[in-house]
Amino acid sequence: MRSIGVFGGAFNPPHLGHLRLARYFADKLYLARVRVIPSHLSVHKSSEDLAPAEDRLEMCRLLFSGDRFEVNDMEISRGGKSYTYDSLLEISRELPDHQIFLIMGSDMFESFHTWYRYEDILKMATVCTARRQEGLALEENPYGALIADLPPLEISSSMVRQAVEKGQDIEAYTGPKVAGYVKDRGLYLAKT
């Protein structure tokens with residue numbers, strides 16, 4: 001059976017922690033592809049400082065380059081609130097012969113029990129996650145998730161947005177292409 005990784009999220013903006021997590025599972029599980037799916041409107045995150053969907057999609061294309069990654073606009077095209085269940089249902093119908101691995105950060109893993117139809121998601125996909133911060137315990141694993149054996153990487157999209165607001169260079173967090181895009185488009189600047 002062939003396997004595919006699915007990595008959804010606001011990606012507001014995407015950063016090197018996202019890339020590291022996706023690469024880890026692509027390598028560990030021998031995934032031919034990881035489908036990166038930026039949300040239209042995230043159910044789990046505030047949308048007040050959300051960059052336009054087209055910008056987040058383009059930043060994902062810049063960060064997740066290479067033949068193993070496929071950036072997909074299915075949730076943006078669908079519009080409205082983005083539910084992982086709907087996307088996985090569409091992918092499982094499109095690729096019925098594939099095993100699906102759902103990649104998520106530890107922040108989303110900790111709230112997974114609150115997700116729309118999370119029990120049905122578990123029937124369609126194997127959840128994969130990793131620690132993001134030192135001291136974060138992921139011992140509670142009632143979902144049979146695969147937990148990456150990676151040293152924590154303390155980086156988040158909110159940290160990147162705050163750095164932009166303060167006029168700091170974000171290249172160390174996002175890589176040069178995304179940092180350049182954020183600067184050129186004037187994203188995440190403090191509203192005056």
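The values are calculated or read from the model by the stated rules, or taken from the named source; none is laboratory data. A quick note: this is a predicted structure, and the numbers were derived from the prediction, not measured. Positions of Cβ are generated from backbone atoms using ideal geometry, with glycine treated the same way; all protein chains shown enter the neighbour counts.
Does S82 meet the test of being more than 20 Å from D120 (Cα to Cα), hydroxyl-bearing (S, T, Y) and more than 11 Å from the chain's Cα centre (by Cα)?
Numbers: more than 20 Å from D120 (Cα to Cα): no; hydroxyl-bearing (S, T, Y): yes; more than 11 Å from the chain's Cα centre (by Cα): yes.
No, not satisfied.
Going by the conditions given, is G180 free of Cβ contacts under 8 Å to residues at least 12 places away in the same chain, closer than 19 Å to C60 by Cα and either surrounded by 13 or more Cβ atoms within 10 Å (Cβ to Cβ) or touching a Leu at 6+ places or on another chain (Cβ under 8 Å) (or both)?
On the way: free of Cβ contacts under 8 Å to residues at least 12 places away in the same chain: yes; closer than 19 Å to C60 by Cα: yes; either surrounded by 13 or more Cβ atoms within 10 Å (Cβ to Cβ) or touching a Leu at 6+ places or on another chain (Cβ under 8 Å) (or both): yes.
Considered against the rule, which asks whether it is free of Cβ contacts under 8 Å to residues at least 12 places away in the same chain, closer than 19 Å to C60 by Cα and either surrounded by 13 or more Cβ atoms within 10 Å (Cβ to Cβ) or touching a Leu at 6+ places or on another chain (Cβ under 8 Å) (or both), G180 comes out as yes.
Just one of (1) buried (at least 17 other Cβ atoms within 10 Å of the Cβ); (2) out of contact with any helix residue (DSSP H, G or I) (no Cβ under 9 Å at 6 or more places or on another chain); (3) of a type in the set (K, R) trips up R20, so point out which.
Unmet condition: (1).
Restricting to the stretch 31-47, count the residues that are modelled with pLDDT under 90, of a type in the set (G, A, S) and within 19 Å of L102 (Cα to Cα).
Qualifying residue count for the region: 2.
Okay, residues lined up against (1) assigned to a strand (DSSP E or B); (2) at pLDDT below 95; (3) surrounded by fewer than 17 Cβ atoms within 10 Å (Cβ to Cβ):
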| site | (1), (2), (3) |
| --- | --- |
| K123 | no, no, yes |
| I155 | no, yes, no |
| V164 | no, no, no |
| A172 | no, no, yes |
| Y188 | no, no, no |
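Please enumerate the residues belonging to the stretch 48-69 that are small (G, A, S) and at pLDDT 95 or above.
Looking only at the stretch 48-69, we keep the residues that are small (G, A, S), and these are 51, 53, 65-66.
Answer for the stretch 48-69, where residues must be small (G, A, S) and at pLDDT 95 or above: A51, A53.
Could you check, for the stretch 78-90, whether at least one of its residues is modelled with pLDDT of 95 or more and either over 27 Å from R56 (Cα atoms) or of a type in the set (F, W, Y) (or both)?
yes
Among the residues of the stretch 39-54, how many are in contact with a helix residue (DSSP H, G or I) (Cβ under 6 Å, 6 or more places away or on another chain) and either free of Cβ contacts under 8 Å to residues at least 40 places away in the same chain or in a helix (DSSP H, G or I) (or both)?
1
I'd like to verify a number: residues in the stretch 2-38 that are under 21 Å from Q162 (Cα atoms) and part of a loop (DSSP other than H, G, I, E, B), how many?
Residues flagged as under 21 Å from Q162 (Cα atoms) and part of a loop (DSSP other than H, G, I, E, B) within the stretch 2-38 amount to 6.
Can you run down the residue pairs with Cβ atoms below 7 Å, 6 or more apart or on separate chains, where the first is in the stretch 79-92 and loosely packed, with under 15 Cβ neighbours inside 10 Å and the partner is charged (D, E, K, R)?
none
Of all residues in the stretch 55-78, count the ones that are touching a residue at least 24 places away in the same chain (Cβ under 8 Å), part of a helix (DSSP H, G or I) and charged (D, E, K, R).
5
Filter the stretch 93-107 down to residues that are in contact (Cβ under 8 Å) with a residue 12 or more places away in the chain and of a type outside the set (A, V, I, L, M, F, W, C) and give me whichever is farthest from Y30 (Cα to Cα).
Within the stretch 93-107, the first condition is being in contact (Cβ under 8 Å) with a residue 12 or more places away in the chain, and the residues that meet it are 95, 97-107.
From what's left, of a type outside the set (A, V, I, L, M, F, W, C): 97-99, 105-107.
Working: D97: 16, H98: 13, Q99: 12, G105: 19, S106: 22, D107: 25 Å.
Within the stretch 93-107, the match that is farthest from Y30 (Cα to Cα) is D107.
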